[in-house]
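J.: This is the structure I want to talk about, given as structure tokens.
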Amino acid sequence: MKALITGITGFAGSHLADHCLERGGLDVYGIVRWRSRTENIEHLQGKVTLLECDLRDATSTRDVIELVRPDYIFHLAAQSFVPTSWRAPTECLVTNVIGQLNIFEAVRKIDLKARIQIACSSEEYGMTSDSELPITEDQPLRPLSPYGVSKVGQDLLGYQYFMSYQMDVVRTRGFNHTGPRRAPVFVVSDFAKQIADIEKGLKEPVIHVGNLDAERDFTDVRDVVRAYYLALEKGKSGEAYNICSGKSWRIGDMLDKLLSFTGAKIKVQQDPARLRPSDVPRLRGDCSKFERDTGWAPRIPFEQTLKDMLEYWRHR
């Protein structure tokens, strides 16, 4: 069997490639662009086949999919940083929605019978009240950022192609996930890197933060990519599944836990530039539907994820 991973050079994509190789029985292919950073997959040289492709170009996308003819397509490539979507909303929408459309059209036109997993997001749910927690897949979609809107577009496009063309699509709505290799623009990795830099004397002993009162449902990326694989192995076509821990952490409490792992004396200071125009106050998901259909459950405690993240930056 062949698996094609879009976004293989990224955080989750590189971990998914690791998982596919560990499972065995799959030839793993990945899509890269000429300017893609490859440090996340340097350890995979000789183990995966990389093909140049820009998903925003329909011809490029179709050529690669026709060449590989994969059995599984894991679609992870996206503009995934929420603050960037505010600064460049057009790029976010084009990259995320049109890129996926090009994949679907390529699969449809060459009549490929592949299972396709779409990495959607809890940002689709947007504004939720406490009475609506934990969030199930039936929750109304009220996105609060251009990124969230783009993920709603991907999600509903997946549903539409399933209904219109019987395309074998499984939609996974991932809540916050983190772990080693996470870029430092994301909150957990940002805090861990700041602590590691302070320990090494590379910056003053002050951590700059945004909104510490937001609550998020964190899962270790290694558990999340295991869920992505199970989504195609056991998930039902056309369904949307939450991928989450079912527990929420206040960002300030997460920072306190990270600070408990260091002996450095560090001051916490809010940076107005790190605050978003609008923010989801709290997210906590319900993944019982996915657990019932696939048997998945998170295995790695979040405290271990935080330790692993801090050690990652210490060794970097």
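The numbers here are math on the coordinates, done by the rules we state, and not lab data. The structure presented is a predicted model; accordingly, all values stated were derived computationally and were not measured. With ideal geometry, Cβ positions are generated from the backbone for all residues, glycine too; neighbour counts draw on all protein chains shown.
J.: Once the Cα atoms of helix 11-23 and of the chain are each reduced to a long axis, what angle between those two axes, in degrees from 0 to 90 to the nearest 10, is obtained?
T.: 60
J.: Another question about this same structure. Which far-off residues, 5 or more places away or on another chain, put their amide H under 5 Å from the one on Val206, with H placed in the peptide plane?
T.: The list, which skips near neighbours in sequence, is Lys267.
J.: Shifting gears a bit: For a quick protection proxy, order the peptides 47-56, 175-184, 216-225 by their average other-Cβ count within 10 Å, most packed first. Write out the running numbers ahead of the final one.
T.: Numbers: 47-56: 17.1, 175-184: 21.7, 216-225: 24.3.
Top of the packing list down: 216-225, 175-184, 47-56.
J.: How far, in degrees from 0 to 90, does helix 99-109 lean away from the longest principal axis of the Cα atoms of the chain, to the nearest 10?
T.: Computed tilt is about 20 degrees.
J.: Using label points projected 7 Å from each Cα along Cα→Cβ, tell me how many nm separate Leu156 and Arg282, to one decimal.
T.: Simple spin-label model gives 2.8 nm for this pair.
J.: Can you tell me the FRET efficiency between Ala264 and Glu91 if r is taken as the Cβ-Cβ distance and R0 is 41 Å, rounded to the nearest 0.05? All intermediate terms of the calculation are to be shown ahead of the outcome.
T.: Values: r = 38 Å, r/R0 = 0.93.
For Ala264 and Glu91, the calculated efficiency is 0.60.
J.: Using only Cα atoms, locate the centre of the stretch 259-316 and the centre of the stretch 25-71, then give the distance between them in Å, rounded to an integer.
T.: 29
J.: How high is the FRET efficiency between Glu311 and Asp271 when r is their beta carbon distance and R₀ equals 30 Å, given to the nearest 0.05?
T.: Values: r = 25 Å, r/R0 = 0.85.
Efficiency at R0 = 30 Å is approximately 0.75.
J.: Same structure again: Once each part is reduced to its C-alpha centroid, what is the distance from the stretch 135-166 to the stretch 204-227 in angstrom?
T.: If you average the Cα positions of each part, the centres end up 24 Å apart.
J.: Same structure again: Could you work out how far apart the two model spin labels at Ser237 and Val206 are, taking each label as a point 7 Å from the Cα in the direction of the beta carbon, and quote it in nm?
T.: 5.8
J.: What ratio of Cα Rg to 2.2 N^0.38 Å holds for the stretch 148-273?
T.: Details: Rg = 18.6 Å, N = 126, 2.2 N^0.38 = 13.8 Å.
Compactness ratio reported: 1.34.
J.: If each residue's Cβ is checked for other Cβ atoms within 10 Å, how do Met163, Met309, Met254 rank with the fewest at the top? Provide the component values of the computation, followed by the final result.
T.: Working: Met163 11, Met309 26, Met254 21.
In order of increasing Cβ crowding within 10 Å: Met163, Met254, Met309.
J.: Can you tell me the order of 256-263, 110-117 when each peptide is scored by its average per-residue count of other Cβ atoms within 10 angstrom, highest first?
T.: Details: 256-263: 13.4, 110-117: 17.2.
Ranked from most to least packed, the peptides come out as 110-117, 256-263.
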